[in-house]
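What follows is calculated from the coordinates using simple rules that are stated; it is not laboratory data. Note that the structure is predicted; figures quoted are calculated from it, not measured. Positions of Cβ are backbone-derived with ideal geometry, glycine not excepted, and every protein chain shown enters the neighbour counts.
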Amino acid sequence: MDQAETLRNIIKQNNIAPAKPVARVITVTSGKGGVGKSNTAINLAIQLKKMGQRVIILDADFGLANIEIMFGTVPKHNLADLIYQGKNIKDIITWGPGEVGFISGGSGIANLSNLNKDHLNYIIKNLAELDAIADVIIIDTGAGISDAVLEFLVASGEIILVTTPEPTSITDSYSLLKALARHPRYSKDVSRIKVLANKVMSEEDGKNLFDKLNAVVIRYLRLPMDYLGCIPYDSMLAESVMQQKPVSLHEPKAKASIAYEKVTATLMNKEFSSNIIRRGMAAFFSHIIKNKSN
């Protein structure tokens, strides 16, 4: 019996069907590093929390640990401790500023394809509990076009692509979208892509950035995308990062904070939240593990 079949049996035996309601899983990604991806994940989470949503971030950028650095909080446990040390899901959630929880992926994510039946059983049952703990789960992926990043994207029903006006950021964003479009398991009917223009000088510049990228993507990749909005270049954001405090909490009246609030309102708007396939975290990871095994 291969791991994919084992996984299907585990879900069936434990009656792990999507809870109602299941958490909304949003995957934040970028074509290159340094464009503000992790900052976006954190500030969206804080703004969602301000709107009354229960939010947890999964730091899937293993090796860099950007979320804990920006939060100024060191987690006691990570996903590997859930898998190998018998910790439960609540044990590995660290609560950061603004009452936003986060989970450090550590090496646990990279080792998902090597789990035996008992480990699979335990992790899937625990991840199913996240749907009762959080309304929204934000996954902060690594940057670039690694297999690990693509696995998260093809499993996600909702993708936020962060890009900037820098030519290298635009070309790397296109390269990521090209790799995603050619992935054998990617479905444009399942995964909705939303583009966030970061570090722009004006709202007009943000829309122009999207229009240029979208024109090339539609012409060559035939990939539908939505424009989520833009975040202006703001020195207060850089200062907040140095202070290890999210700008939405450190300087709520800063230009970037106001922009994140606006973008979050758009994200929660019916136009952007309807017709999204909600799998919840157990099914999300089940999709990744199953496809790693095939």
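Before moving on, here are some points about what is shown:
- Within the range 232-269: backbone nitrogen closer than 16 Å to the Thr73 label point (7 Å, Cα to C-beta): 244-250
- Cross-link reach is defined here as a Cα-Cα straight distance under 18 Å, omitting same-chain residues fewer than 8 places apart; for Lys178 the aspartates and glutamates meeting it are Asp147, Glu151, Glu158, Asp189, Asp211, Asp226.
- Inter-site label distance for Lys50 and Asp147 at 7 Å from Cα along Cβ, in nm: 4.1
- Put a dot 7 Å past the Cα of Val216, heading toward its Cβ, do the same for Val190, and the two dots end up 2.8 nm apart.
- Among the trypsin sites (Lys or Arg not before Pro) within the range 206-261, those in coil by DSSP and having at most 12 neighbouring Cβ atoms inside 10 Å are Arg222, Lys253.
- All aspartates and glutamates inside 15 Å of Lys245 as judged from Cα atoms, apart from same-chain residues fewer than 8 positions distant: Glu68, Glu99, Asp234
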